[in-house]
Every structure is written in structure tokens, then in C-alpha cells.
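Written out below as C-alpha cells is the structure these notes cover.
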Amino acid sequence: MNKTRKKVLIILLLIGLLGYMFCLPKDLFTTPYSTVVLDREGELLGARTATDEQWRFPSQGVVPEKFKEAVIAFEDQYFFYHIGVNPISISRALWQNIKQKRIVSGGSTITMQVIRLSRNKPRTLKEKIIEALLATRLELRCSKNEILALYSSHAPFGGNVVGVSAASWRYFGHSSHDLSWAEAATLAVLPNSPALIHLSRSRDQLLIKRNRLLKKLMDKGKIDKETYELALTEPLPEKPLALPQIAPYFVDKCYKSNKGALVRSTLDKSVQEQVEEILQRWNNQFRRSEIRHLSALIIDVETNEIISYCGNVGYEEQGRGNQVDVLQAPRSTGSILKPFLYAAALDEGLILPHTLLPDVPINFSGFSPQNFNLQFEGAAPASEVIIRSLNVPSVDLLRKYSVPKFYNLLKNMGFSTLNKPSSYYGLSLILGGSEASLYEVTRAYANMARVLLDYPIYQELKESVDEDKTTVEKGVSNYSQGAVWQLFEAIKNVYRPEEVDWQSLVSMQNIAWKTGTSYGFRDAWAVGVTPKYAIGVWAGNATGEGKPELVGTRTAAPVLFDLFNALPSSDWFDAPSGEFVDAEVCSLSGHLKGRYCTEVVSQLVLPQAMRTAPCPYHQQITVTLDHQFRVKKECMENEPTTQISWFILPPSWAWFYKQHHPEYQLLPPLMEGCSETFINSMEFIYPQPFTRISLPKQMDGSKGRVTFELAHSQQNSIVYWHLDDTYITQTKNFHTITLSPDKGKHALTVVDDLGQTLSIVFFVE
């Protein structure tokens, strides 16, 4: 019988021991927490309430020293000596309650209060016993400092304020680690009676309790008499304060992705505040032109970290679009993607840095791109095309590079907004036919700088200092260092806006930068890169309204350089070694030296560029000694002739090129009866072969008309026009005619007075 009792007793003891060991849940608190965002130095940027609308900051695991001393002195002076329950305190509380015939003291230790806060049960004798038991178990699980941290994070401080961290900001406007002794004492007494913080009552009681605690701290030697007397003079908080609203759009972003977390971001509070001030100042000016929104992102190129995130302006205003985080919003790109194509074409060996590209009217299956100034220049060097953001040559370059290839390149660079097939965008991809976010665009420019600096490439930017770099997906460089260098050397010369007094700016440093303006003047972009920073700026209306002043160089660019001026300047990129070969290049065409090139420069080019064709525009012609006429050498046996090199552009190029380059010399006229080998002198400007033309009716109801235009390299030439073998008219000097052809397929043929013939086919819909 005794053995059986012993077994039963042992089993019961074991069950009791196991029950005691596992009586505490794994997570003592399951309450939701506020989302709290700090800067890189631990300064508060902003916060959002927990899902239960409480200001309850996540625990940082460290209790502020002053609050620690104050709360132990007030709540549990033997905290470091008991095992969760203080029998003396309980006995004293029991005697006081009996004496007063009501509950005036609970005798709870801080550990017991942690258990009570976690259970949130009615205060009964049974619950008190359970709290005492669980408190002893908590003492075995956690250290004293951990228990204090739990208490500090979950104690009520009045209203919807929970935890000393939230209370410090709500009542005193600063971190709990910066509490004065008076402030620490105030917060230490509040959990005992959180209603004392009410703005209109009980303030005298709160003051008495605080001062009594300060006296106790002095008596214990925690503060000296002078500190005590100064603390007594500090006023109580008047009302709860609003939390900081620095980088509010970034805080919202963190709330969506890390709800209830304490995020120590990579942002620099001082830089962020400065950037917000600059954006607000510019926004006040832009609003006169009804441009209401402005956004900016600053990336530390070396660390791949965001140091400033301004998703928009006017966060607390009720205006339309003010709550939109434009940094993450897809917007029409305008010309901001052109540098990626230029670098890709260099890497492909498709062009050299200054290769001439056509700038003439072009029609691609109904798509007729126009330059911003609505003019054509015939031809322009590739570097100037990117500097001046010429649309027509850029479209032609994309055609040669291929839309699918460029589309895949952008996808590999991290552009997630390209969610349709490449055929959907077509050649308009380079002119804003797609959308991208300022966040992704700026990141792409930063990664190009990282390529040149030989830093690792990452698909995502680092936003938290606690984020393991291995969690940020590594990417592969899409460009060679040489291509990026040649690109940056080009776009550092982009014409800077006149609105800024450059002579007064430290940021006259070299900056590789580019602007963009979307169709309809809805989006203005500017992105700049130095070895230290990548900055992206967007200006416009988040609701999509276009405004005439919404041009990249007029709005986004001045802001961009103002931001660079606010940051420390940096040196320029070093030229990469081993990336280039020396080549002889035609100075007029930008191509490799051809057989007849006369003006040649030595230039560093990528090795793959050596595969490009030599200059096709310098040809050898036979002329009379006075250079007045072109002739055949064979028919001038008795007359002296000479052979010279001549720079000859295609007729349509030459027609526009001559207008902007007076030094360009047209070919000498042909000597009658003794002309040299045929050189085609004519080229259609409009239409291009197989163009589909739509002819809407005129306002008066008459049939629509279309203007045909031809370029001829010879002045005073006569051209005879035929439509479908029917003679129409003749033109001299300026070769344009206007017709109203019927629907269907047509052939347009021209013949000049020298017998040269040119034909194209087009369609009228």
C-alpha cells in the first residue's frame, strides 16, 4: 500500500512538475504591436498604431536606466532579490486591505504584474494565486532585465498608450532613453494609476506621486539633492503629442511589409529632413503652375542603401493624390530609359560613342516619332542624341538593336512594370510607351554606377540596417564597365537647367544625369549618378493631369541638382582599365576610319566596336580641277581632273543636315554628258516604303489630303511626279506635293531632269 502511495505521489509530483514547467505559453504576449520605424542611428522617423489602435511599441530589449531605477523604487524595491513573489509585500498588502476593509494594495511584484498584463483576467483571489505561481515560473525562464523589458513594453500609460517607449514619445516628444529624472518618475507611477494622465483631472495627484518618488530616489542615493530640486520644477505633460512624421511614405511602406515590427531603416534622419524641406520649397513654387506632387529617392551607391525616401509631398493634406507613394507608382518613362539603350548598343558593338544616327522623318507601320522641338537635323552623333534626348534617332537605334532584346534587358535590370509582351510596346518603348517606377529607375542607374565601381550588383535596395546582405538577391551585371563609362562620359554633359545658378553651387561636380518627359506633359523625370549617390526625382500630378510646364529640364532637373548640392560632393569615376582598344575614327561620321576618310581622330573604343563597318559616307569622286563639276575620268582625256574625298550623306539626311550645319557641302553638279558613276541623289522623306496612311475628312467634309516630300542633293533640280503611272506635276528646288489618293495600294514614282528614278509603295486606309 505504501509502495502504491509512493508511486502515485511520484506520478503526481511528476505531473505537477511537468505542469509547472509548461504552465507558461511559449509567447507570453500575443498582442499586436505598432509599426515603428527608426533611422540608421536609432532616431524615430514615424510609427503607426497596432491593429487594435494602441500605441504599443515593440520591445527593444533594453530598459532605459532612469525609468528602470524609478519603476523599481516605486513598484518593487526588492525586485532583484525575490523569485517572483515577495511574501513580505503580500503580507503587508493583506494587512492594509483588512485594516481599510477594501483593496488598497495588491502586493504584486513587477514579475506578477507582467503575468497579470499577459493574462488580462479579472483581479480575484484565485487569479492572484495563479499569477504568483506563474511569476515564479517566469523567473526561471527569463532574466530580471528581460522581465523588466516585458513590463516596460506592456504596462499601460493612459488612453491608448502602452509601454514606456510609446509613452515617452506621446507625453514628452522624445525617446525613452532621453528621459529626465522627472519624466522617468512620472512614467513610473502611471501604470499604477494610468487615469492620472487625464488632461483635466487628477493632475495634482499625479504631481504628488511623482514628487514623492523623486524624494525616494534621492533618499536611496540614486539622484543628488540638486538633481532632485531641479526635477521638482519640471512641469507635467499637458497633452499627448503627435509622433514625428518624417519619411511618412516610407513608414507606410514598412507598415504594409513589416506590420507590427521595429524597423531600423537605412535612412539618415538629417538628410531626410533636409530633402523634405527642399521638396516642399520646390513644390510651393510648382503649385503656381498646378503641379502638385513631387517625389525623390537617394541611394548610397557604395552600400546599396536608401538614405532618403520621399514618396510624395503634402502627406497630411487632403488634396487629390497626396496619399500616393509616387516612388512605387508606375509612370510613363518618357526619355529616361534612353541611356540604357545607348550603353546596350555600345556593348553590342552596334555603334561607337559618336556614330552618326539618322534624324529624319520616319514611319514604322503608322508610328512616326517626333523630336521634342518638332524639328529634324538629318543626322546626329550618338553621344549628342543621348545628351539632347533626340527621339527619332533613338527610335532608329532601338529598331537596329531590336525591341525584344531591349525589353528583356530591362526585365533583367529589375523593371517589374513591363507586364505585357514586347510586341505590345514596340518601338515606343524608348519614348515612354511603357511605365516604370521612380524606385526601379533610380535603382537601375545606381546599379550601373556599381558596375563601374566594381561593386556587387543587387536586385533589391537595402532598406534596413538589420537586413542581412545575403537576403538581398544578387544580380548579374547587364553592362560592361567600358559601356557604362562611355555612357556616363556622355550624359555628364547633358545641358543643365537655366533655373539654377550653377556658379554658386558646390555641385558643379561631374554628374551623369538624364531627364525625361512623358507624352502629354504628365511626368517629369530627372536621375543623376555620382560615385557616391544616385538620386531620382519625379514631378507631376499623381492623378495624371498634364501641364505645359511639366518638362524634365524645367521641373525635375532643378530639384535634382538642389539635392546634389545638399549632399557632400564626390570625385568622378575612374576610367576602367583593360576595357578599351585604340582605334582610328572618322571625326565627321563617328564610324571607324574608312578608305577615303580625311579627318581622323584616335579614340578609345570597346573591342566589339572594331567589328562595325568603316565609314560609309566618305566617297571618292572625280571632279574638274576647279571642283565645280563631277565627271568621268575617261571622258576628260584632254582636260585635267582630280579625285577627291567627299563627305556624302543620304539625300534625306543631307536635306535636313545642311540646315543645321552650313559647313556641309553638297556634291558638285554633274557635268552634262560626262558624269561619273551614278550616285543616287534622291530620297523620299515622306512617306516611307509601305507606309499605311489614314486620311480623315476635313472640317468642311471634303476628302482628306496627304503631303509627299522628297529630298534632292542637287539644287535647282527638276523632279517629275507620277502616281500609279499617271503624271501629276513637277517641282523645282523644294519638292513637296499634296494629294488625295483613293483607298488602297499606290505606287509613287519620281524622275529628275537627269533621268534618275525613285519609286515607293504605300497604302491609304
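The values are calculated or read from the model by the stated rules, or taken from the named source; none is laboratory data. In this text the structure is predicted, and so the values were computed from the model without any measurement. All Cβ positions, even for glycine, are placed from backbone atoms using ideal geometry, and neighbour counts span all protein chains on display.
A few remarks follow.
- Failed item, numbered, when residue 448 is tested on (1) surrounded by fewer than 16 Cβ atoms within 10 Å (Cβ to Cβ); (2) within 30 Å of residue 572 (Cβ to Cβ): (1)
Okay, residues lined up against (1) on the phi > 0 side of the Ramachandran plot; (2) part of a loop (DSSP other than H, G, I, E, B):
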site: 323; (1), (2): no, yes
site: 334; (1), (2): yes, yes
site: 340; (1), (2): no, no
site: 358; (1), (2): no, no
site: 362; (1), (2): no, yes
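- Of all residues in region 251-264, none satisfies being within 30 Å of residue 78 (Cα to Cα) and of a type in the set (A, V, I, L, M, F, W, C).
- Meets criteria (over 21 Å from residue 154 (Cβ atoms) and acidic (Asp, Glu)) for residue 234: yes
- Among the residues of region 250-278, those that are more than 25 Å from residue 568 (Cα to Cα) and not hydrophobic (A, V, I, L, M, F, W, C) comprise 252, 253, 255, 256, 257, 258, 259, 260.
- Test result for residue 578, assigned to a loop (DSSP other than H, G, I, E, B), over 19 Å from residue 492 (Cα atoms) and not charged (D, E, K, R): yes
- Pick from region 14-45, criterion small (Gly, Ala, Ser) and not in a loop (DSSP other than H, G, I, E, B), ranking: nearest to residue 147 (Cα to Cα): 19
- Entry remark, region 716-749: residues being surrounded by 13 or more Cβ atoms within 10 Å (Cβ to Cβ) and in a loop (DSSP other than H, G, I, E, B) number 3 in total.
- Within the set 277, 290, 305, 316, the sole residue that is touching a strand residue (DSSP E or B) at 6+ places or on another chain (Cβ under 9 Å), of a type in the set (Asp, Glu) and outside the structural domain of residue 439 (by TED's automatic domain parsing) turns out to be 305.
- Some residue of region 405-428 being among the aliphatic types (A, V, I, L, M), free of Cβ contacts under 8 Å to residues at least 60 places away in the same chain and not assigned by TED's automatic domain parsing to the domain that holds residue 591: yes
- Residue in region 322-330 that is surrounded by fewer than 24 Cβ atoms within 10 Å (Cβ to Cβ) and without any contact (Cβ under 8 Å) to a residue 60 or more places away in the chain present: yes
- Test for residue 257: is it surrounded by fewer than 23 Cβ atoms within 10 Å (Cβ to Cβ), under 24 Å from residue 538 (Cβ atoms) and assigned by TED's automatic domain parsing to the domain that holds residue 541: no
- Across region 642-675, the qualifying residues are those that are at pLDDT 85 or above and small (Gly, Ala, Ser), and the one among them that is surrounded by the most Cβ atoms within 10 Å (Cβ to Cβ) is 654.
- Any pair with Cβ under 6 angstrom, 6 or more apart, that starts in region 106-134 at a residue that is farther than 15 Å from residue 20 by Cβ and in contact (Cβ under 8 Å) with a residue 12 or more places away in the chain and ends at one that is outside any helix (DSSP H, G or I) and charged (D, E, K, R): 109/76; 110/76
- Leading residue by the ranking (surrounded by the most Cβ atoms within 10 Å (Cβ to Cβ)) among those in region 569-604 that are free of Cβ contacts under 8 Å to residues at least 60 places away in the same chain and β-branched (Val, Ile, Thr): 600
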